[in-house]
Amino acid sequence: MSDELKSSMSPSPDAEPTATRSTVPIWIIVLTLMLLFLGMVYFDHHGGWFDSQVYGPYASAEQLEAYQPKSGAAALLAVGKQKYEQNCGICHGLDGMGKTAQAPPLAGSEWVNAKGFNRLIRIPIAGLGGPIVVKGETMTFGSAMVGIGQAMSDADLAAVLTYIRSSWGNKQSPVTADDVKAVRANLGARPQPLTSDALKALPE
């Protein structure tokens with residue numbers, strides 16, 4: 001081969017480099033997708049759904065809030081919410097909307113939002129039977145409400161009633177343990193359960 005031909009076939013030192021097309025190996029694509037998937041799974045369990053205040057092991061702001069130390073009114077509402085969900089939510093619903101043929105709604109109820117709370121305190125202590133009018137609708141249930149508040153301490157029942165009176169759009173004053181104690185003593189051995197007419201005859 002002549003020197004002239006060799007010279008024409010070899011690239012010039014000053015020549016611009018050129019890029020050629022090449023395919024990405026399939027295993028790199030698969031590995032990348034797998035890493036993305038595993039990253040999303042990890043974030044789903046530990047990321048707190050983009051909330052900058054939430055870190056593992058908590059998965060949501062609500063879960064984080066439940067573990068925060070509380071005092072005063074916040075502590076009272078936290079206890080009330082817990083006791084309500086354990087004892088009342090199964091019938092009245094966790095949203096306070098009640099359940100058909102089982103229990104009346106508490107959200108927006110005139111019984112809950114009355115200025116005085118003595119009648120409301122009497123219901124979980126003595127129980128309630130017969131028809132009751134709530135938000136203009138007469139409601140009748142297959143069985144009477146039992147006095148579940150009898151087994152609660154004055155403080156716990158006060159917390160539940162305070163939670164009910166300040167949740168789901170209700171905005172009324174809190175109930176104290178002393179309020180519950182006074183009503184409990186006044187009820188004495190009254191026949192149970194009460195009726196709505198009997199409740200209305202008692203001081204609010």
Check segment 146-154 and report whether any residue there is surrounded by 13 or more Cβ atoms within 10 Å (Cβ to Cβ), farther than 20 Å from GLN86 by Cα and without any contact (Cβ under 8 Å) to a residue 40 or more places away in the chain. no
Here is a check on your reading of the model: is GLY47 of a type outside the set (A, V, I, L, M, F, W, C), surrounded by 13 or more Cβ atoms within 10 Å (Cβ to Cβ), out of contact with any strand residue (DSSP E or B) (no Cβ under 8 Å at 6 or more places or on another chain) and modelled with pLDDT under 75? yes
Of all residues in segment 79-113, how many are farther than 11 Å from ARG165 by Cα, in a loop (DSSP other than H, G, I, E, B) and among the hydrophobic types (A, V, I, L, M, F, W, C)? 4
Subset of segment 167-180 [within 18 Å of GLN86 (Cβ to Cβ) and surrounded by fewer than 24 Cβ atoms within 10 Å (Cβ to Cβ)]: SER167, TRP168
Scanning for something in contact with a Ser or Thr (Cβ under 7 Å, 6 or more places away or on another chain), β-branched (Val, Ile, Thr) and under 18 Å from PRO193 (Cβ atoms), does segment 125-132 turn up at least one residue? yes
Does segment 166-186 contain any residue that is over 27 Å from the mean Cα position of the chain (by Cα) and not in a helix (DSSP H, G or I)? no
Considering only residues of segment 100-136 that are modelled with pLDDT of 90 or more and in contact with a Cys (Cβ under 9 Å, 6 or more places away or on another chain), which is surrounded by the fewest Cβ atoms within 10 Å (Cβ to Cβ)? ALA103
Limited to segment 187-204, what total is found for residues that are among the basic types (Lys, Arg) and not in a loop (DSSP other than H, G, I, E, B)? 1
Does at least one position in segment 67-77 carry a residue that is outside any helix (DSSP H, G or I) and hydrophobic (A, V, I, L, M, F, W, C)? no
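The values are calculated or read from the model by the stated rules, or taken from the named source; none is laboratory data. The model shown is predicted, which means the values in this text are computed figures rather than measured ones. As a convention, Cβ positions derive from the backbone with ideal geometry for all residues, glycine included, and neighbour counts pool all protein chains shown.
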